[in-house]
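The structure appears right after this line, and notes come after that.
Each reported figure results from applying straightforward, stated rules to the coordinates on display, with no laboratory input. In this text the structure is predicted, and so the values were computed from the model without any measurement. Because the Cβ atoms are built from the backbone with ideal geometry, glycine has one as well, and the counts that use them run over all protein chains shown.
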Amino acid sequence: MDTGVGIDPATVVMQLDGQAVVATYIAGTGELVYLPGALLASQEHTLTISAEDVSGTPVQSRQRLRLGGTVASTFDHCEVIAKLEHTFQ
């Protein structure tokens, strides 16, 4: 993506373990925020974020998250934040 082109907010999609989840994209900060409605299992999860810049150039980022023990209970009650601006660089 060319620097300064920007993300098309209408194209931002977040998936957790292959299922689309409702997340909020904050254009001013480039953050995508997701608050799980229930506890996530203490295991490995896959977080996928896809979007396009305003020129239509697609990008996708996939991260694996391993939750276990006390980390899971802490994580499950916090917002999951992904910086989209770093995905496009």
Report task. Give the whole-number value, in cubic angstrom per residue, of the convex hull volume spanned by the C-alpha atoms of segment 3-59. Result -> 98 Å³
Report task. Can you tell me the FRET efficiency between THR29 and ARG66 if r is taken as the Cβ-Cβ distance and R0 is 22 Å, rounded to the nearest 0.05? Result -> 0.25
Report summary line: Calc'd 3J(HN,Hα), segment 36-41, phi into Karplus 6.51 cos²θ - 1.76 cosθ + 1.60 (θ = phi - 60°), Hz, glycine/Pro = x, comes to x, x, 8, 4, 8, 5
Requested in this report: Enumerate the calculated ³J(HN,Hα) couplings along segment 15-20 in order (Karplus 6.51 cos²θ - 1.76 cosθ + 1.60, θ = phi - 60°), each rounded to whole Hz, writing x wherever the residue is Gly or Pro.
Outcome: 10, 10, 6, x, 10, 5
